[in-house]
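What follows is one structure encoded as structure tokens, with my remarks underneath.
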Amino acid sequence: MNLHRRALIAAIALSPFASFAQSRPPFVEIKPAMPTEAEGKVEVAELFWYGCIHCYNLEGPLEAWQKKLPPDVKFRRIPAVFNERWAHDAAIFYTLESMGLLEKLHRPLFDAIHRDHLQTNNPSALGEWLTKNGVEAKKFNETLKSFGIQSKVRKAAQLTVASKIDGTPAIVVQGRYQVAAGDRMLDNVAEAIDVARKQK
């Protein structure tokens, strides 16, 4: 499925006027289950892309939602990788994480892309943005190209396939329940968490 079709599906799914979206189940089971990392807890994994406007629009509600998570639930972000363009942004995500800058710059990067039209695949523009935000561009680029970061990107690509998603944003609960974008997305995630908790 090409990127344009995935984007169209995501747009339709988010539309409050999409009648079929109301009749879809709140979540679907993934078989086989996707690997998880939150040992002893219910894992909630968001698959996203920095270039996805729907992911950007979800960010605010998602941040508020995370603050209310019970102690037995662990949230993590996974940059979805469908092609080389998405892989590049996944590498940016993991580089910021590796440098201890993700918490500080994750939302500002989203803002720069969707509000200020930053093109992350433009090295000059990205370097300028990094410098403006106090990041040493040379060190960033060296980390970006490192084996460790590229290994994480490959793993993210494998998880994207394992999640069986068609587009972003999507949330997978405990590696087993895929929740697609929609008006009640976070409510549906809460339902999936309850189901996963009972099955532990």
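The values are calculated or read from the model by the stated rules, or taken from the named source; none is laboratory data. Model, not experiment: these values are computed from the prediction. Neighbour counts run over all protein chains shown; Cβ positions are idealised from the backbone, glycine included.
Taking the condition surrounded by fewer than 17 Cβ atoms within 10 Å (Cβ to Cβ), within 22 Å of the chain's Cα centre (by Cα), of a type in the set (G, A, S) and at pLDDT 95 or above, does A162 pass? So A162 passes the test. Inside the stretch 54-81, can you point out the residues that are out of contact with any strand residue (DSSP E or B) (no Cβ under 6 Å at 6 or more places or on another chain) and under 25 Å from T131 (Cβ atoms)? Of everything in the stretch 54-81, those that are out of contact with any strand residue (DSSP E or B) (no Cβ under 6 Å at 6 or more places or on another chain) and under 25 Å from T131 (Cβ atoms) turn out to be Y56, E59, P79. Those residues that are charged (D, E, K, R) and either assigned to a loop (DSSP other than H, G, I, E, B) or closer than 12 Å to K31 by Cα (or both), I need them from the stretch 161-192; list them, please. Scanning the stretch 161-192 gives K164, D166, R176, D183, R184.
Screening D183 against (1) of a type outside the set (A, V, I, L, M); (2) in contact with a helix residue (DSSP H, G or I) (Cβ under 7 Å, 6 or more places away or on another chain); (3) farther than 17 Å from Y94 by Cβ; (4) surrounded by fewer than 20 Cβ atoms within 10 Å (Cβ to Cβ) leaves a single unmet condition, (2). Among the residues of the stretch 42-56, not a single one is free of Cβ contacts under 8 Å to residues at least 60 places away in the same chain and either out of contact with any helix residue (DSSP H, G or I) (no Cβ under 6 Å at 6 or more places or on another chain) or of a type in the set (D, E, K, R) (or both). Taking the criterion of being within 20 Å of T143 (Cα to Cα), surrounded by 14 or more Cβ atoms within 10 Å (Cβ to Cβ) and in contact with a helix residue (DSSP H, G or I) (Cβ under 8 Å, 6 or more places away or on another chain), the residues of the stretch 96-121 that qualify are L96, S98, M99, L102, L105, H106, L109, T120. Of all residues in the stretch 82-108, count the ones that are closer than 20 Å to A181 by Cα and either out of contact with any strand residue (DSSP E or B) (no Cβ under 9 Å at 6 or more places or on another chain) or among the basic types (K, R) (or both). Total meeting the criteria: 2.
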